[in-house]
Amino acid sequence: MRYATVMRVFAVVFVFLAVLAAAPAADVLNVFGGKWTVEHASDWSVENGVLRLKVSAEPPAGQPRRPTKIALLDSKPYRKVTIEGEVKRNARSLILVYAWQDETHYNYAHMSSDAAAKQVVHNGMFHVFGGERVRMSPLDGPPSFDTQDWTPIKLVFDGDTGRCTVEVAGRKNPSLEAVDMSLRWGRVGLGSFNETGDFRNIRVTGETREPGPFGHQ
């Protein structure tokens, strides 16, 4: 084999190994009757049926501001989905993720003790599409959380219409309703933007589909 050919093969192998080394690690947690993928299992714990996010984190400096601490359900993408259960915040907020395609394309509901009119990047529906999160929902309505006790939540997403609504403690809120027609199906997840909290009795039901180009039915 010629020297130039050997060097080309070496370069290809080197690039492959570099990409592999740079790929984010993924761990799996078993809870709520399913498997949930997280970046670092040590950031989470599962005790007596409770999924606990123990470590908060800001998005990396210089990177778009979007959530990074997310537990994703291992499943086919959902075109219609309902997430029900109970959450307990440790600080102000927690999130529910839906229509997840990859780490730079997904939507999420941010449930907060702040009213949206007071803090426009809290208590709303947000869209991540290759950059920073962008608010999709109105600023109307009260804070989602008025207690740090266990609180019932329910998210309903219909990819046919693009509409997603969230109820907290049985109450609907204009801040937690939005329509997005660009991400019309995907996986679901639980987490926080930059805080910690607990999840229990989570149930995910709906209609799945095969993966494919996102933005298409």
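The values are calculated or read from the model by the stated rules, or taken from the named source; none is laboratory data. Source: prediction; values computed, not measured. A quick note on method: Cβ atoms are made from the backbone with ideal geometry, for glycine too, and the neighbour counts reach across all protein chains shown.
Inside region 180-194, can you point out the residues that are of a type in the set (Gly, Ala, Ser) and outside any loop (DSSP other than H, G, I, E, B)? Of everything in region 180-194, those that are of a type in the set (Gly, Ala, Ser) and outside any loop (DSSP other than H, G, I, E, B) turn out to be Gly186, Gly189, Gly191, Ser192. Residues in region 144-166 that are within 20 Å of Lys118 (Cα to Cα) and either charged (D, E, K, R) or under 20 Å from the mean Cα position of the chain (by Cα) (or both): Ser144, Phe145, Asp146, Val166.
Is it fair to say Phe199 is closer than 25 Å to Thr68 by Cβ, modelled with pLDDT under 95 and touching a strand residue (DSSP E or B) at 6+ places or on another chain (Cβ under 6 Å)? Against the criterion (closer than 25 Å to Thr68 by Cβ, modelled with pLDDT under 95 and touching a strand residue (DSSP E or B) at 6+ places or on another chain (Cβ under 6 Å)), Phe199 does not qualify. Answer yes or no: is there a residue in region 69-83 that is touching a residue at least 24 places away in the same chain (Cβ under 8 Å) and farther than 29 Å from Gly206 by Cα. No, region 69-83 has no match at all.
For the residues Val204, Val166, the requirement of being surrounded by fewer than 23 Cβ atoms within 10 Å (Cβ to Cβ) and either hydrophobic (A, V, I, L, M, F, W, C) or not in a loop (DSSP other than H, G, I, E, B) (or both) singles out Val204.
If you scan region 42-59, which residues turn out to be assigned to a helix (DSSP H, G or I) and over 23 Å from Gln101 (Cβ atoms)?
Ser42 - this is the single residue of region 42-59 that is assigned to a helix (DSSP H, G or I) and over 23 Å from Gln101 (Cβ atoms).
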